[in-house]
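Comments concern the structure below.
Read-outs throughout are calculated quantities, based only on the coordinates presented, and are distinct from any laboratory measurement. Not measured: the values here are computed from a predicted model. Heads up, the Cβs are rebuilt from the backbone with ideal geometry, glycines too, and the neighbour counts pull from every protein chain shown.
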């Protein structure tokens, strides 16, 4: 049980996918303009991650031992089809959210965090349950980073900032400070 | 085939634009994940840049050759599978040829699949242009990406470890600026580079405006 807890906490804050491994930066900078949209994209990403983790477990158990060179190709196909499914579901359930997410919804496919999740789960040989917990932790960590970033950016929009630093340069420096703060969690594991 | 002629000037333009004017990292702000994750040393940055160049040029060539045969509805999936094939090739070749670097780069070689720069070039350029132009465009973008990787990797290694390509620069008395090789340093350094490019862009625009005003007076 404690093992599962550590997998969750480790993936969520200590080795946060976005701020520690630099994964999923495109949506991290692209969708963090508005808090509520950022949160919903985070939820969609968690969902895709969990399905991907599930499929990756099955692929690892049944197919990849026979054809290791298909690893990347099969993972990316699984991710692309899950994203397609989520896209259809969101379009049906909430057209407003569908418009707000725009291009970033199909781009979940090229969110490297999800592919990295499947690859890490494979290389660490997680069981089905461990994999699911890992996916949930990683997804929550991504959502946390995205929401924090969106909150910072909403604040920054109201401040008086020189025009030369506005935009991506400022976001990048904000992310650097956020990442600096997250380094504080690195002590958690050695303490355990 | 294409209706307009392929002149040498056009070929040159398509090649050069990726290096500076439309630099994939500093101007288009694409491909940031590998950009930040593997630029803690200059050598890693170069290895990653070369692997990305191989995948980008390979898949652009293939996509451009097949562009009349790929159905529109499944084009993105087709591109992804073509890219994944080239990445698998690159992954296995690096593992066989330079195992040390392959270990260092870890999963990031596989993650080239999810590099938005590569997919973006297929969708925006290779799928609508003749093969010769697609190869040149891919080569230009690759050089631009490699250049950006080298800038960031070089600066981070010099400040963070006091060396370049593993060769010590400042002697034993240098106190390394460790934060630069850690994740926050990557974000901050790229932020500063983007700031520099913004500033250069604004200065150029201001100069052009000043010149126009002068011209109007005269």
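Values as computed for the structure displayed
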read-out	value
Estimated inter-spin distance, residue B:72 and residue A:100, nm [label 7 Å along Cα→Cβ]	3.1
Calculated P(r) of the range B:8-209 - Cα pairs past 26 Å, %	39
Overall form of chain A per C-alpha gyration tensor (a/c, 1.5; a/b vs b/c)	oblate
Anisotropy class of the protein assembly as shown from Cα gyration tensor, a/c 1.5 cut	rounded
Inter-chain Cβ neighbour average for residues A:76-85, partner chain, 10 Å	2
Packing-based order for A:105-112, A:123-130, using average beta carbon neighbours within 10 Å, highest first	A:105-112, A:123-130
Which of B:14, A:154, B:175, A:87 has the fewest Cβ neighbours within 10 Å, and the rest in rising order	B:175, A:154, A:87, B:14
Chain B: calculated mean residue ellipticity at 222 nm from DSSP helix runs of at least 4, using -39500 (n - 2.57)	-22500 deg cm²/dmol
Histogram of C-alpha separations across the range B:145-184, 5 Å bin width, %	6, 28, 28, 23, 11, 3, 1
Centre separation in Å (Cα based) which lies between the range B:132-157 and the range B:10-40	6
Residue-averaged beta-carbon neighbours from other chains (10 angstrom radius) around B:81-88	4
Modelled FRET efficiency - R0 22 Å, residue A:186 with residue B:163, Cβ distances, 0.05 increments	0.35
Computed log₁₀ I(q)/I(0) - Debye formula, equal Cα scatterers, no solvent, the range A:33-140, q 0.19 Å⁻¹	-0.91
Neighbour-count ranking [beta-carbon atoms within 10 angstrom, fewest first] of B:91, B:137	B:91, B:137
Estimated FRET transfer efficiency (residue B:9, residue A:81; beta-carbon r; R0 25 Å; 0.05)	0.05
Least to most buried among B:108, A:8 (fewest other Cβ within 10 Å first)	A:8, B:108
Distance between the range A:102-161 and the range A:1-66 - C-alpha centres, whole angstrom	5
Structure-based [θ]222 nm, chain A - -39500 (n - 2.57) summed over DSSP H runs of at least 4, per residue, nearest 500	-22000 deg cm²/dmol
